[in-house]
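S.K.: I have a structure I would like to understand better, so I am pasting it below and will then ask my questions one at a time.
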Amino acid sequence: MINVSAFLGAATMYTKYLIIKKQNEVTNFIPPYFNFITLIIGVLGCVGMGIVASFQELAVPAVHDGGALVAFLSGVLYIILQTVISYKSRPQWSTPCICHIRLALSLMAFIAAIPMIACASLISITKIDWNPGEKDYMYHFVSAVCEWIVAFGFVFYFLTFVKEFQRVTVRISTEMHDSI
């Protein structure tokens, strides 16, 4: 299921990239490379999600945790960069309300990512079932809560794309010019 989510996330990011590319052709509000770099960082986060899904936490903890780190750091950076793009595209392509909501979600995810990473790095054992009072339980608890805050921040951030996506049509076309 996480692999499917990673694929859908990458597809959403690519669609957003195409929308911004087209808008930028009209009003030139950001350098084109900024939009492309934002896409690459977002897709890198999706690759991290794929790593998390493919390598079990208990079987290969270093790879799983590395994938999670890439997913969360790239995801947070992606939504921060998308927020910058939103503010730069005002007033023609984005409303102040959407920009402020995106800023709040970005800040929430960024702030929650700090204790998430810090506490996760202090956990000395890898296990699934935790009980209060166990060694490192509090680090695990804080890290898990912050992980969910960041994850829901991503979900709600993507939901802010809905209005923009409703105003566009994306087509995939294939043209054959010569036969072999």
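The values are calculated or read from the model by the stated rules, or taken from the named source; none is laboratory data. Just so it is clear, the model here is predicted, and its values are computed rather than measured. Reconstructed Cβ throughout: ideal geometry from the backbone, glycine too, with neighbour counts over all protein chains shown. Surface areas here come from the heavy atoms of the whole protein model, side chains and all, with no ligands, DNA or RNA. Shrake-Rupley method; radii C 1.70, N 1.55, O 1.52, S 1.80 Å.
S.K.: If I fit a long axis through the Cα atoms of helix 61-88 and take the longest principal axis of the Cα atoms of the chain, what angle between them do I get, 0 to 90°, rounded to 10?
M.R.: Value to nearest ten degrees: 40.
S.K.: Let me ask something else. Rounded to whole Å and sorted largest first, list the principal axis extents of the Cα atoms in the chain.
M.R.: On the principal axes, the chain reaches 63, 51, 25 Å in Cα extent.
S.K.: Which order do 12, 95, 169 take when ranked by solvent-accessible area (1.4 Å probe, heavy atoms of all protein chains), largest first?
M.R.: Final ranking, largest accessible area leading: 169, 95, 12.
S.K.: So, one more: Please list 51, 37 in order of solvent-accessible area, largest first, computed with a 1.4 Å probe with all protein chains present.
M.R.: 37, 51
S.K.: Distance between the C-alpha centers of region 97-118 and region 147-162? Whole Å please.
M.R.: Each part's Cα centre sits 10 Å from the other's.
S.K.: Something else: To test your reading of the geometry: what angle, between 0 and 90 degrees and rounded to tens, separates the Cα axis of helix 32-54 from the longest principal axis of the chain?
M.R.: Around 40 degrees separate the two axes.
S.K.: Another question about this same structure. At a threshold of 8 angstrom on Cα-Cα distance, excluding pairs fewer than six apart, so keeping six or more, what relative contact order does the chain reach in percent?
M.R.: Worked out over the chain, it gives 19 percent.
S.K.: Quick check: with the 1.4 Å probe, what order do 78, 87, 17 take by accessible area, largest first?
M.R.: Working: 78 0, 87 70, 17 40 Å².
Largest accessible area first, the list is 87, 17, 78.
S.K.: Further question on the same structure: Starting from the 7 Å offset along Cα-to-Cβ, what nm value, one decimal, do you get for the label separation of residue 167 and residue 54?
M.R.: 3.8
S.K.: Given 0.36 nm per residue, what is the gain on full extension from residue 138 to residue 11 after removing their alpha carbon distance, in nm?
M.R.: 42.1 nm
S.K.: Taking the Cα-to-Cβ direction at residue 97 and at residue 124 and moving 7 Å from each Cα, how far apart do the two end points lie in nm?
M.R.: 5.2
S.K.: Where in region 98-152 are there trypsin sites (Lys or Arg not before Pro) that are in a DSSP coil and have at most 14 other Cβ atoms within 10 angstrom of their Cβ?
M.R.: Of the trypsin sites (Lys or Arg not before Pro), the ones in loops of region 98-152 whose Cβ has at most 14 other Cβ atoms within 10 Å are 127, 135.
S.K.: Loop-only GluC sites (Glu not before Pro) in region 110-180, please: DSSP not H, G, I, E or B, and at most 15 other Cβ atoms within 10 Å. Intermediate values should be presented prior to the final figure.
M.R.: On the way: sites: 134, 147, 164, 175; in loops: 134, 175.
Answer in residue order: 134, 175.
S.K.: Mind listing the phi-derived Karplus ³J(HN,Hα) values for region 169-180, rounded to whole Hz, using 6.51, -1.76 and 1.60 with θ = phi - 60°, and x for any glycine or proline?
M.R.: Values, residue by residue: 10, 10, 10, 10, 10, 10, 10, 9, 9, 9, 8, 7 Hz.
S.K.: Quote the accessible area belonging to residue 65 in square angstrom, nearest 10, computed with a 1.4 Å probe and with ligands, DNA and RNA left uncounted.
M.R.: 80
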